[in-house]
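**Student:** Pasting a structure here, questions to come.
The values are calculated or read from the model by the stated rules, or taken from the named source; none is laboratory data. As the structure is a computational prediction, the values presented were derived from the model and not from experiment. Virtual Cβ from ideal backbone geometry, glycine too; neighbours counted across all protein chains shown. Note: accessible area is taken over every heavy atom of the protein model, side chains too, but ligands, DNA and RNA are not part of it. Shrake-Rupley method; radii C 1.70, N 1.55, O 1.52, S 1.80 Å.
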Amino acid sequence: MWSNVTPRCVQCIKNKSVVRQLHKTSLKGLCFNPLPVSNRTPTAVGSLQKRISSVLQQWTRSYSAHFTYVPDTVPSSEGETVRMNLFQAVNNAMDIALASDPTAIIFGEDVAFGGVFRCTLNLQDKHGKDRVFNTPLCEQGIAGFGIGAAVAGATVIAEMQFADYIFPAFDQIVNEAAKFRYRCGNQFDCGKLTFRAPCGAVGHGALYHSQSPEAYFAHTPGLKIVMPRGAVKAKGLLLSCIRSNDPCIFFEPKILYRSAVEQVPTRDYELPIGKADILLEGENVTLLGWGTQVHVLREVAQLAQDRLNVTCEVIDLVTIQPWDRETIFNSVTKTGRLVIAHEAPLNCGLGAEIAASVQKECFLNLEAPIQRVTGHDTPFPHVFEPFYIPDKWRCLEAVRVAVEF
């Protein structure tokens, strides 16, 4: 037990220097004074626990990786809309796919009763057990069965319960699905094959329920990789993936399943794969992200305006592969600066490929080195998640470095 949280602790938290200091000194030496044994009465201990809890709650609210969700709006020309969160939009897209395509099937671990995130809720009741069904706990088998069914003519929607579990299926996806058309000279293919996978930080997922593995697959020709930022995008992009003639991986940021709420068109619609979205226009810095990180960067843009007096252009990459080079290059040519943020680790992350491409194509227009704000090169932590992911303060610091270079 500890007697009190010292002013130094509070100041370190406010300055967020605690991250650096943790590497130099113990938590005890940095923040707390020991509580003498003679003073460890129930009243003293209870008071201490409340004080520590209060400080930690304040720190968590202020400095943990959080974001303010900004919903997309659709024009009235899109017709009737219904309020949906992201998992409901995904469910609606699959419902439309099953209703409009008699060859469409959905399978994966626990999808028959709705899945762990409820994305397939009621679909088996509506479309039958032969079209929505469970599989064994075997990701390699799910991928292999999906490839075979797609080759035989089915429209396949296969769920990986978590993106972290997709690695046993890596060989099937990379060496079979991605290469099938090429290896047979376009006589056969396994297009109409979509793998859905919940990904990213969620606040408590730790090592095996928080990873963002998009870069592993972006290295593979023959795959399309998509990650939506909200419900409207999720529905349209998922329908585009399902109907694509190439195998697709559709990563769904699970922290957005319930927090991303929008008015979603009820009709059947598709959104383009391979096209980035400019969400905010700016003149001084380009901020590039995808998935949840887009909402973090929208906050960063406002902070940069308020604190640094610079305007940022915020871009949602939307499609990891093929990514929209033209939109990114044009933006960086205008602003002269680029900050890329993603939750995956720094080393060999997608940000490195984008940075290299921008450096090659926009070199004479760059006013500062390209900044990458990412997860660290460690396994995804549990209690230290707020220090791991690229929150708005780390991203804002990158903007400052770019502007002051």
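**Student:** Give the residues of the stretch 342-360 whose amide nitrogen is closer than 19 Å to a point set 7 Å from the Cα of F170 in the direction of its Cβ.
**Tutor:** The answer is 343-353, whose backbone nitrogens lie closer than 19 Å to the label point.
**Student:** Can you list the HN-Hα couplings for the stretch 307-316, worked out from phi with the Karplus curve (6.51, -1.76, 1.60; θ = phi - 60°), rounded to whole Hz and with x for Gly and Pro?
**Tutor:** With coefficients 6.51, -1.76 and 1.60, one gets 9, 10, 6, 10, 9, 10, 9, 9, 10, 8 Hz.
**Student:** Oh, and also: Could you rank the peptides 125-132, 258-265, 156-163 by their average count of other C-beta atoms within 10 Å per residue, with the highest value first? Intermediate results must be reported in sequence, preceding the final value.
**Tutor:** Values: 125-132: 14.4, 258-265: 20.5, 156-163: 24.9.
Highest-to-lowest ranking by the protection proxy: 156-163, 258-265, 125-132.
**Student:** Using protein chains only and a probe of 1.4 angstrom, how many square angstrom of F363 are accessible, to the nearest 10?
**Tutor:** Approximately 120 Å² for this residue.
**Student:** State the percentage of accessible surface on the stretch 118-207 attributable to carbon and sulfur atoms; use a 1.4 Å probe and exclude ligands, DNA and RNA. Don't jump to the answer; show the numbers that get you there.
**Tutor:** Values: 2220 of 4010 Å².
Roughly 55 percent of what the probe reaches on the stretch 118-207 is carbon or sulfur.
**Student:** Once you have the Cα-Cα distance between L280 and C138, take 0.36 nm times their residue separation minus that, and quote the gain in nm to one decimal.
**Tutor:** The span from L280 to C138 would gain 46.9 nm if fully extended.
**Student:** Once the convex hull of the alpha carbons of the stretch 283-405 is built, what does its volume come to per residue, in cubic angstrom?
**Tutor:** 95 Å³
**Student:** What whole-number value in Å² describes the accessible area per residue of the stretch 277-404 for a 1.4 Å probe?
**Tutor:** With all protein chains present, the stretch 277-404 gives 40 Å² per residue.
**Student:** Let's test the formula: R0 of 45 Å, r as the Cβ-Cβ distance of L364 and A152. What FRET efficiency results, to the nearest 0.05?
**Tutor:** Details: r = 52 Å, r/R0 = 1.15.
The pair L364/A152 has a calculated efficiency of 0.30.
**Student:** Using the Karplus curve 6.51 cos²θ - 1.76 cosθ + 1.60 with θ = phi - 60°, what ³J(HN,Hα) values do you get for each residue of the stretch 115-127, in whole Hz, with x for Gly and Pro?
**Tutor:** Couplings: x, 5, 10, 6, 5, 10, 4, 6, 6, 5, 4, 7, 10 Hz.
**Student:** From the phi of every residue in the stretch 337-350, what ³J(HN,Hα) in whole Hz does the Karplus formula 6.51 cos²θ - 1.76 cosθ + 1.60 yield, where θ is phi - 60° and glycine or proline is x?
**Tutor:** Those phi angles translate into 9, 9, 10, 10, 10, 8, 6, 5, x, 5, 5, 6, x, 4 Hz.
**Student:** Would you mind working out the magnitude of the charge dipole of the stretch 277-404 relative to its Cα centre, with +1 at each Lys and Arg C-beta and -1 at each Asp and Glu C-beta, to the nearest 20 Debye?
**Tutor:** 200 debye
**Student:** Just to be sure I understand: of the beta bridges DSSP finds with both ends in the stretch 192-340, what percent are antiparallel, rounded to 5?
**Tutor:** Of the beta bridges lying entirely in the stretch 192-340, close to 25 percent run antiparallel.
**Student:** Counting only protein heavy atoms, what percent of the accessible surface of the stretch 219-369 is carbon or sulfur at a 1.4 Å probe? Walk me through the intermediate numbers first.
**Tutor:** Numbers: 2590 of 5310 Å².
The value for the stretch 219-369 is 49 percent carbon and sulfur by accessible area.
**Student:** Of the cross-linked pairs K192/K360; K224/K254; K192/K334; K254/K360; K235/K360; K126/K275, which ones have a Cα-Cα span greater than 30 Å in the structure shown?
**Tutor:** Exceeds cut-off: K192/K360; K192/K334; K254/K360; K235/K360; K126/K275.
**Student:** At a probe radius of 1.4 Å, what is the per-residue accessible area of M94, in Å² to the nearest 10?
**Tutor:** About 0 Å², ignoring ligands and nucleic acids.
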